[in-house]
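Below is one structure, written out as structure tokens; comments come after it.
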Amino acid sequence: MWRGSRRLLAAQALAVLVAAVPARAADLGSMKIGVLKFGTVNWELDVIKAHGLDAREGFTLDVVPFGGGDAADVALMGGAVDAIVEDWLFVSRQRSDGVPLTFIPYSSSVGAVMVRPDSLAASLADLKGKKIGIAGGPLDKSWLLLQAYARRKDGLDLVREVEPVYGAPPLLTEKLKGGELDAVLNYWHFGARLEAQGYRRLVGIGEVQEALGVPASVPQLGYVFQEAWGDANTGLVQAFARSSRAAKELMKSSDAEWQRLMPVTRAENGAEQEAFMRRYREGIVERWGPEQQAEAAKLFAVLAELGGEKLVGSGRELAPGTFWPKVSF
């Protein structure tokens, strides 16, 4: 609920946080970020622009929308944008193939297995013989991790003992609602929307990561750019990273900021926005350094074993340089 007192306190916190961001005189130029037109990264970038966090850091943020992830990838490779949001698995694979991309963290939010409110399933074992919708295809990271988790926890071979149905996230959501699917493994914001509508979270991929020995706080998604470009624009990238963290601080502490963001998130009601807010905050990266990077390398090893060369490319270990060393916190 958006109550008056909460709004006032959140607005005051917002003002304090914005005022605390130091002004910087240096003119660092602009940074072009390529994003999916309606992707969740737009939420953070909107906060940066709305509160002038880029100007306070001495640069101009330019947001370049694309209709699909492949178009954004091509734009990065061709130099049409400076950075995109991708996972470090993509970066490592590119580096193994001789393309020196690198990564700074954005989010650790991951998906979940969702079931209908009237589902009797209490665990993955209860989905034997059922249809599960999978967003992202047979080599989706979350699907591979879920398979490993099911084998370890229940001795369950999901590929053999359930019927996976691959499809686009919105389509899978509709099929779950219509009863054509018994469960769906979807991206985090689709799961959050379903939660607001009374659907139940059977297991989250963060929980799966924890069971496989990797903290759920380890980010999978980040801002990705050409290493040479980053090294030539170190001050700009570091300024952007500070503005990103400042935006997340606002989004972590201010409910009023989320109310302002409703047109951007396209939440249909307050309950959906509350769910978006709660799950987004869970994915905010609080620490990033050698320890977290080592945990990411452990997760890479699990994925390499599960997905093989089709998933990770020719490299059997996380490629050196995947994580840009000039941003840590």
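The values are calculated or read from the model by the stated rules, or taken from the named source; none is laboratory data. Because the structure is predicted, anything quoted here is derived from the model rather than measured. Backbone-built Cβ (ideal geometry, glycine too); neighbour counts: all protein chains shown. Ligands, DNA and RNA are stripped out before the accessible areas are found, and what is left, the full protein with its side chains, is counted by its heavy atoms. Shrake-Rupley method; radii C 1.70, N 1.55, O 1.52, S 1.80 Å.
Answer yes or no: is there a residue in region 139-147 that is open to solvent by 60 Å² or more (accessible area, probe 1.4 Å) and not hydrophobic (A, V, I, L, M, F, W, C).
Residues of region 139-147 open to solvent by 60 Å² or more (accessible area, probe 1.4 Å): 139.
With not hydrophobic (A, V, I, L, M, F, W, C) added as a condition, the list becomes none.
No: region 139-147 contains no residue that is open to solvent by 60 Å² or more (accessible area, probe 1.4 Å) and not hydrophobic (A, V, I, L, M, F, W, C).
Part of a loop (DSSP other than H, G, I, E, B), within 30 Å of Phe329 (Cβ to Cβ) and open to solvent by 50 Å² or more (accessible area, probe 1.4 Å), is that true of Ala122?
Working: part of a loop (DSSP other than H, G, I, E, B): yes; within 30 Å of Phe329 (Cβ to Cβ): no; open to solvent by 50 Å² or more (accessible area, probe 1.4 Å): yes.
Judged against the criteria, Ala122 is not a match.
Every residue in region 225-246 that is touching an Asp or Glu at 6+ places or on another chain (Cβ under 7 Å) and either free of Cβ contacts under 8 Å to residues at least 24 places away in the same chain or outside any helix (DSSP H, G or I) (or both), please.
Answer for region 225-246, where residues must be touching an Asp or Glu at 6+ places or on another chain (Cβ under 7 Å) and either free of Cβ contacts under 8 Å to residues at least 24 places away in the same chain or outside any helix (DSSP H, G or I) (or both): just Phe225.
Given the condition surrounded by fewer than 21 Cβ atoms within 10 Å (Cβ to Cβ), modelled with pLDDT of 95 or more and closer than 18 Å to Glu195 by Cα, answer yes or no: does some residue in region 283-298 qualify?
Within region 283-298 (the criterion being surrounded by fewer than 21 Cβ atoms within 10 Å (Cβ to Cβ), modelled with pLDDT of 95 or more and closer than 18 Å to Glu195 by Cα), the answer is yes, since at least one residue qualifies.
Please work out which residue is nearest to Val35 (Cα to Cα), limiting yourself to region 84-104 and to residues that are charged (D, E, K, R) and touching a strand residue (DSSP E or B) at 6+ places or on another chain (Cβ under 6 Å).
In the first step, residues of region 84-104 are kept if they are charged (D, E, K, R); the result is 86-87, 93, 95, 97.
Next, only the ones that are touching a strand residue (DSSP E or B) at 6+ places or on another chain (Cβ under 6 Å) stay: 86-87.
Details: Glu86: 10, Asp87: 13 Å.
Checked region 84-104; the qualifying residue nearest to Val35 (Cα to Cα) is Glu86.
Output yes when any residue across region 128-135 is open to solvent by less than 40 Å² (accessible area, probe 1.4 Å) and outside any strand (DSSP E or B), and no when none is. Don't jump to the end; show me each part of the working.
Residues of region 128-135 that are open to solvent by less than 40 Å² (accessible area, probe 1.4 Å), as a first pass: 132-135.
Now restrict to residues that are outside any strand (DSSP E or B): none.
Looking for residues that are open to solvent by less than 40 Å² (accessible area, probe 1.4 Å) and outside any strand (DSSP E or B), one finds none in region 128-135, hence no.
Report, by residue number, each residue of region 201-215 that is surrounded by fewer than 17 Cβ atoms within 10 Å (Cβ to Cβ) and touching a strand residue (DSSP E or B) at 6+ places or on another chain (Cβ under 8 Å). Give the derivation first.
Applying the first criterion (surrounded by fewer than 17 Cβ atoms within 10 Å (Cβ to Cβ)) to region 201-215 yields 201, 207, 210-213, 215.
The one that is surrounded by fewer than 17 Cβ atoms within 10 Å (Cβ to Cβ) and touching a strand residue (DSSP E or B) at 6+ places or on another chain (Cβ under 8 Å): Arg201.
State whether one or more residues within region 91-110 are farther than 30 Å from Gln238 by Cβ, among the hydrophobic types (A, V, I, L, M, F, W, C), modelled with pLDDT of 95 or more and in contact with an Asp or Glu (Cβ under 9 Å, 6 or more places away or on another chain). Full working, then the answer.
Taking region 91-110 first, the residues farther than 30 Å from Gln238 by Cβ are none.
Looking through region 91-110, none of the residues is farther than 30 Å from Gln238 by Cβ, among the hydrophobic types (A, V, I, L, M, F, W, C), modelled with pLDDT of 95 or more and in contact with an Asp or Glu (Cβ under 9 Å, 6 or more places away or on another chain).
Considering (1) open to solvent by less than 50 Å² (accessible area, probe 1.4 Å); (2) touching a helix residue (DSSP H, G or I) at 6+ places or on another chain (Cβ under 6 Å), say which one Tyr187 fails and leave the rest.
For Tyr187, the failing item is (1).
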